[in-house]
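Undergrad: The structure under discussion is supplied below as structure tokens; questions concerning it will follow.
Readers should treat all values here as calculations from the given coordinates under stated rules, not as data from a laboratory. None of the values given here were measured: they were computed from a predicted structure. Ideal geometry is used to build each Cβ from the backbone, glycine not excepted, and the neighbour counts take in all protein chains shown.
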Amino acid sequence: MADQETNTPSRKPPAAVIATALCGALLLLLHTLGGFFLLNALLTESEGPWDSDVTSTTRLMAALSVGTELLAGGITAAFISLGRLRRWWYAIPTALVLVAIVRMVFAPAP
């Protein structure tokens, strides 16, 4: 019995757990910022036919969201290649970029 190996799951060292948590925290901060820009783009409404700035404001907010999420997507790719995060982290920037692009295309006309 003493010669048999036990099949206990290997535990990550504490430094690896902290590094993974910091990677996730950085990405969540970037996604929050991108989500803020996207929410502003989605909630911007025209006040009437005289409001000509609404289209440029909506497109600007959506473009800021796309830029932030592309940065987050690049950082996500780096963290995934290092083995710190799983592949499902790609879903967040992908979804936010798609919604922002749709909002830029269907921005309200003045």
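Undergrad: What spacing in nm lies between the two simple spin-label points modelled at LEU98 and LEU42, each 7 Å away from Cα in the Cβ direction?
TA: Taking the simple label geometry, LEU98 and LEU42 are separated by 1.4 nm.
Undergrad: Name the GluC sites (Glu not before Pro) in region 20-95 that are in a loop by DSSP and that have at most 13 other C-beta atoms within 10 Å, would you?
TA: On the way: sites: GLU45, GLU47, GLU69; in loops: GLU45, GLU47.
Listed in order of number, the matching sites are GLU45, GLU47.
Undergrad: OK, next. For region 22-82, which chymotrypsin sites (Phe, Trp or Tyr not before Pro) are both in a DSSP coil and crowded by at most 13 other Cβ atoms within 10 Å? Provide the component values of the computation, followed by the final result.
TA: Working: sites: PHE36, PHE37, TRP50, PHE79; in loops: TRP50.
Those that pass, being in a loop and sparsely packed, are TRP50.
Undergrad: What residue among LEU64, VAL99, LEU82 has its Cα farthest toward the positive end of the dipole of region 34-105, where the charges are +1 on Lys, Arg and -1 on Asp, Glu, each on the Cβ?
TA: Toward the positive end, the furthest listed residue is LEU82.
Undergrad: Right, here's the next one. As an exercise, find the ratio Rg/Rh for the chain from alpha-carbon atoms, using the Kirkwood inverse-distance average for Rh.
TA: Result: Rg/Rh = 1.28.
Undergrad: Given the DSSP H assignment, sum -39500 (n - 2.57) over each helix run of at least 4 residues in the chain and divide by its residue total; what's the result at 222 nm in deg cm²/dmol, nearest 500? Provide the component values of the computation, followed by the final result.
TA: Working: 3 runs with 73 residues, N = 110.
For the chain, the value works out to -23500 deg cm²/dmol.
Undergrad: Please report, in whole Å³, the volume per residue of the convex hull around the C-alpha atoms of region 31-93.
TA: 60
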